[in-house]
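> Right, I'll just put the structure down here and ask away after.
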Amino acid sequence: MTTPYIGITGFTSPAEVADVVAALPTEPERLLMCGVPLSNALLTGESSDAPNRCPPPDAIAGIFSADPRCVNLVHYRPQPGANLADALARAHEVGGPNCHGVQINATRGIPWPDPATLVAYRQRCQPQRIVLQAGREAMASVDGDPTRLAQRCADYAGIVTDVLVDASEGLGLPLDATRSAEYLEAIAEAAPDLGLVVAGGLCAENVGELLSPLLPRWAGVSIDAEGRLRDGNDVLDVRAAVAYVGAAIELLK
């Protein structure tokens, strides 16, 4: 089982990471997941549709910290028809020497990537962490049935390290604790070695309200936040990020 983390997705500079890391305890019980989205558009020389969330590919390696309290993941949504093993290897390469792995965000219309391609990526890059997002399309593909979703997740046991149950996908939609608990229970039964992650509109002001119904049963799950930590210009609000991490540490310790 992997070490649980408190995640923030959408870092765009090393200064942002440094400010959040500075607020961490010296020996935290959880890692800080520093998530940096990699835009396919930027990789191909086009303009990104989310310029304040997706830094240039050649800047990503410099964003990731060598601090041992961090787990650094490139968040990547592969293009339809792309060679997934090659695409993930490229994403890992872009992450530089401090990259620990990738989070695979579902390609539109392809909610479940071919496990064999993930095996190929794992063999080539030896990542410490692979997080598979089970988002809205993945849930819809099994008609919202927790048992069927868990069965699909079990196909990746021993390949990915974690599964992210995420109906928000960075949009700031609030986490449904009751529904999430049903998914977590089913996945834990079908694939007990998978790390579990939840997300959905988390911030300092609501992390207690949204996560408390999952406690203490799911106190060991990782969490991730994105949309509610950004300002009106879609820029990461570092003060909100620091406050969220502090509130989460206090709640989950």
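> Contact list please: Cβ distance under 7 Å, first residue in the range 226-253 and within 18 Å of L175 (Cβ to Cβ) and touching a residue at least 40 places away in the same chain (Cβ under 8 Å), second residue buried (at least 17 other Cβ atoms within 10 Å of the Cβ) and among the acidic types (D, E), pairs at least six apart or on different chains.
Once the first residue is within 18 Å of L175 (Cβ to Cβ) and touching a residue at least 40 places away in the same chain (Cβ under 8 Å) and sits in the range 226-253, its partners that are buried (at least 17 other Cβ atoms within 10 Å of the Cβ) and among the acidic types (D, E) give L229/D237; R230/D237.
> Determine which single condition Y156 fails, assuming it passes every other condition in (1) surrounded by fewer than 22 Cβ atoms within 10 Å (Cβ to Cβ); (2) under 30 Å from P55 (Cβ atoms); (3) modelled with pLDDT of 95 or more.
Y156 satisfies all of (1) surrounded by fewer than 22 Cβ atoms within 10 Å (Cβ to Cβ); (2) under 30 Å from P55 (Cβ atoms); (3) modelled with pLDDT of 95 or more except (1).
> Mind listing whichever residues of the range 96-130 are closer than 14 Å to M33 by Cβ and over 15 Å from the mean Cα position of the chain (by Cα)?
N98
> Would you please name the residue that is surrounded by the fewest Cβ atoms within 10 Å (Cβ to Cβ), looking only at residues in the range 13-43 that are at pLDDT below 95 and in a helix (DSSP H, G or I)?
Among those residues, the one meeting the criterion is A41.
> Would you mention how many residues in the range 229-253 are farther than 23 Å from P14 by Cβ and in contact with a Leu (Cβ under 8 Å, 6 or more places away or on another chain)? Spell out how you get there, then give the answer.
Just the residues of the range 229-253 that are farther than 23 Å from P14 by Cβ, to begin with: 232, 247, 250-253.
Still in the list and also in contact with a Leu (Cβ under 8 Å, 6 or more places away or on another chain): 251-252.
Within the range 229-253, residues that are farther than 23 Å from P14 by Cβ and in contact with a Leu (Cβ under 8 Å, 6 or more places away or on another chain) number 2.
The values are calculated or read from the model by the stated rules, or taken from the named source; none is laboratory data. All values reported here derive from a predicted model rather than from experimental measurement. Note: ideal-geometry Cβ built from the backbone for every residue, glycine included; neighbour counts use all protein chains shown.
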